[in-house]
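Accompanying notes for the structure given below.
The values are calculated or read from the model by the stated rules, or taken from the named source; none is laboratory data. Just so it is clear, the model here is predicted, and its values are computed rather than measured. Reconstructed Cβ throughout: ideal geometry from the backbone, glycine too, with neighbour counts over all protein chains shown. What goes into the accessible areas is simple: the full protein's heavy atoms, side chains included, and nothing from ligands, DNA or RNA. Shrake-Rupley method; radii C 1.70, N 1.55, O 1.52, S 1.80 Å.
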Amino acid sequence: MDTGFPPKRNGLMPQAGGSKSQEFIYSGSSDEEETVWYWRNAGKEYLKGDWYWPDIEANKNQTHPVGSKKANELGIFDMSGNVREWCFDWYQDTTIPNGFYRVWKGGGWVGDVTSCRISYRGKFEPNGIGADMGLRVCRDRG
């Protein structure tokens, strides 16, 4: 059995709802409060104003149990927000060469809601750690 991080293309299809996609902004809805844990809503109280780590920490923001928000069209939970998911792909663009950053998708509770959009593709050092970094294990059908 082969297991590992999903390639970005394999993570995007289920995040977007697969063949049942309703073309939402986030996985399962276009309303972030229905489906997304992010820095404003992941703690004891809804935070207002600008992102400020001491406020986020004092608010006890954290990862939430899977299934606490609405599922997407395929019945999969937490594909937007809560925990950023590592992907197998290397990040590259016109200014960043291949092999320097890994791609992550989905956004997490530390970041802004814009990073939780299906269309968003983040980057992070491959040996980096973060309070809202995680993975979704997948395997080949073969």
Of (1) open to solvent by less than 70 Å² (accessible area, probe 1.4 Å); (2) farther than 26 Å from Glu23 by Cβ; (3) of a type outside the set (S, T, N, Q); (4) part of a helix (DSSP H, G or I), Gly130 fails just (4)
Reported set for the range 48-86 where residues are among the aliphatic types (A, V, I, L, M) and open to solvent by 60 Å² or more (accessible area, probe 1.4 Å) is Ala58, Val66, Leu74
Review point. Of the residues that make up the range 32-54, is at least one modelled with pLDDT of 95 or more, part of a helix (DSSP H, G or I) and more than 16 Å from the chain's Cα centre (by Cα)?
Key: yes
Counting only residues in the range 117-142 that are under 14 Å from Tyr38 (Cα atoms) and out of contact with any Lys or Arg (no Cβ under 9 Å at 6 or more places or on another chain), the one modelled with the lowest pLDDT is identified as Ala131
Checking Trp37, Trp109 in turn, the sole residue that is in contact (Cβ under 8 Å) with a residue 12 or more places away in the chain and open to solvent by less than 30 Å² (accessible area, probe 1.4 Å) turns out to be Trp109
Being closer than 29 Å to Glu23 by Cβ and touching a Ser or Thr at 6+ places or on another chain (Cβ under 6 Å) narrows Cys87, Cys116 down to just Cys116
(1) in contact with a helix residue (DSSP H, G or I) (Cβ under 9 Å, 6 or more places away or on another chain); (2) open to solvent by 50 Å² or more (accessible area, probe 1.4 Å); (3) farther than 24 Å from Trp86 by Cβ all hold for Ile25 apart from (3)
All conditions in (1) assigned to a helix (DSSP H, G or I); (2) open to solvent by less than 70 Å² (accessible area, probe 1.4 Å); (3) modelled with pLDDT under 90; (4) of a type in the set (A, V, I, L, M, F, W, C) are true of Met13 except (2)
The condition from (1) in contact with a strand residue (DSSP E or B) (Cβ under 9 Å, 6 or more places away or on another chain); (2) surrounded by fewer than 16 Cβ atoms within 10 Å (Cβ to Cβ); (3) closer than 16 Å to Thr35 by Cα that Gln92 misses is numbered (3)
